[in-house]
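The values are calculated or read from the model by the stated rules, or taken from the named source; none is laboratory data. Please read these numbers as outputs of a predicted model, since none were measured by experiment. Using ideal geometry, Cβ is built from the backbone for each residue, glycine included, and neighbour counts are taken over all protein chains shown. Ligands, DNA and RNA are stripped out before the accessible areas are found, and what is left, the full protein with its side chains, is counted by its heavy atoms. Shrake-Rupley method; radii C 1.70, N 1.55, O 1.52, S 1.80 Å.
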Amino acid sequence: MSANVYVTRLIPQSGLDLLTGAGLNVEVNPDDRVLTRGELLAAVRGRDGVLCLLTDTIDDAVMEAAGPQCKGFANYAVGYNNIDVAAATRRGLPVSNTPGVLTDTTAELAWALLFAAARRIVESDYFLRDGHWEAWGPMQFLGSDLKGATLGIVGAGRIGQAMALKSVGFEMNVLYTDAVARPEFEKALGARRVDLDALLRESDYISLHVALSPETTHLIGARELALMKETAILINTSRGPVIDEAALVEALCARTIGGAALDVYEREPILAGGLTDMPNAVLVPHIGSATRRTRGAMAEMAARNLLAMLRGERAPNCVNPEVYG
Ligand code: DGY
């Protein structure tokens, strides 16, 4: 197949091999960094397809810059809030994502964050490295137990359910919110569907797993944080803007909640003022899907989607199938 595609940042080789193996002319951003807006607009010009990342804003202007020969945008992420899908649909351009392959990896990171916050791992690690540890102490770094605690899952889709399923060994009670009831999930775990306010009031650990949309932006703000238990821990591996980060800093500072453990931020890579000063926050840089196996699988999935678009076939993970009529 002779086509000209652009990959906006270096991805695992197995994905690139699929593209070059199909005979495509593949150009990859040579610098391991996010393209500036100007660079992105220039880089997509004249391409038959683009493999893009969640850090690239793919709006109508980018699609226009790509040109009428462009056959679609394959996003290297399950979330695709960085793409104006409505604009793509108007232009008849398919957009794809990478669902499924990162479900467990992201759920595992949510657990890593939960443990780190519950047992104050990061705080105590700093304490030790900084040379403050003089002796074992009965009151040092007291954390929270998991056994018998209540886990609140906000959004019981693929990742939310995977996280909840892993709670079985810890004998936790599971609550969840979702737009629809999930009877099989309820049966498997004895999970109970409640409204968000009830979940916030009753849970010891609250893990967010909703897609970003106008409805979920600032789903957790000052009012919602005020409903949480003083000891409760908020975990976010979904998208940063789901939490009003300034309100979260206030709650952490006033200690009206127990803590937060975050993988995602409202204005990545910028964090709300004061967040990094909070000892009761565990902060990692959007690494939910960052394992070698999963990032490789994401690269291959994005490449397969792009190849299908270029062949004029239905992309297996198309998020706007209406473009196929
Ligand atoms: C996604 O895929 O949406 C994650 O945020 C990054 O892997």
Checklist outcome for this item: Projected onto the charge dipole of the chain (unit charges on the beta-carbon of Lys, Arg, Asp and Glu, signs +1, +1, -1, -1), the Cα from Ser124, Ser167, Leu306 with the largest positive-side position is that of Leu306
Item to check | Antiparallel DSSP beta bridges within the chain, percent to nearest 5 | outcome: 5
Checklist entry - Whole-Hz Karplus ³J(HN,Hα) for the stretch 172-183, in order, using 6.51 cos²θ - 1.76 cosθ + 1.60 and θ = phi - 60°, x for Gly and Pro? => result 9, 8, 10, 10, 8, 10, 6, 5, 10, 6, 10, x
Next on the checklist: Which of Ala188, Ala232, Ala74 ends up with the largest GNM mean-square fluctuation for the chain, with Cα atoms connected below 10 Å?
Outcome noted: Ala188
Checklist entry - Which whole-number value in Å² is the accessible area per residue of the chain, probe 1.4 Å? => result 47
Checklist outcome for this item: If each K or R counts +1 and each D or E counts -1, the residues other than Asn317 whose Cβ falls under 13 Å of its Cβ total +1
Item to check | Under the Karplus curve 6.51 cos²θ - 1.76 cosθ + 1.60, θ = phi - 60°, whole-Hz ³J(HN,Hα) for the stretch 110-121, x wherever Gly or Pro sits | outcome: 4, 5, 4, 5, 4, 4, 4, 6, 4, 9, 6, 5
Checklist entry - For the chain, which whole percent of the accessible surface, found with a 1.4 angstrom probe, sits on carbon and sulfur atoms? => result 53
Checklist outcome for this item: For the stretch 145-151, in residue order, the Karplus 3J(HN,Hα) values (coefficients 6.51, -1.76, 1.60; θ = phi - 60°; whole Hz; Gly and Pro = x) are 7, 9, 4, x, 7, 9, 9
Item to check | Summed residue charge, Cβ within 14 Å of Ala61's Cβ, Lys/Arg positive, Asp/Glu negative | outcome: -2
Item to check | Among Asp60, Asp17, Asp125: highest mean-square fluctuation, GNM of the chain, C-alpha pairs under 10 Å | outcome: Asp125
Item to check | the stretch 1-122 - percent relative contact order, Cα under 8 Å, separation 6 or more | outcome: 20
Item to check | Charge-dipole axis of the chain as Lys and Arg at +1 and Asp and Glu at -1 on Cβ define it, positive-most pick from Leu262, Ala297, Thr8 | outcome: Ala297
Checklist entry - Between Glu171, Glu215, Glu266, which gets the highest mean-square fluctuation from a Gaussian network model of the chain, Cα cutoff 10 Å? => result Glu215
Next on the checklist: Given points 7 Å out from each Cα along the Cα-Cβ axis, report the Phe170 to Asp130 separation in nanometres with one decimal.
Outcome noted: 2.6
Checklist entry - What net charge is computed for the residues neighbouring Pro94, neighbours being all others with C-beta under 9 Å from the C-beta of Pro94, Lys and Arg scored +1, Asp and Glu -1? => result +2
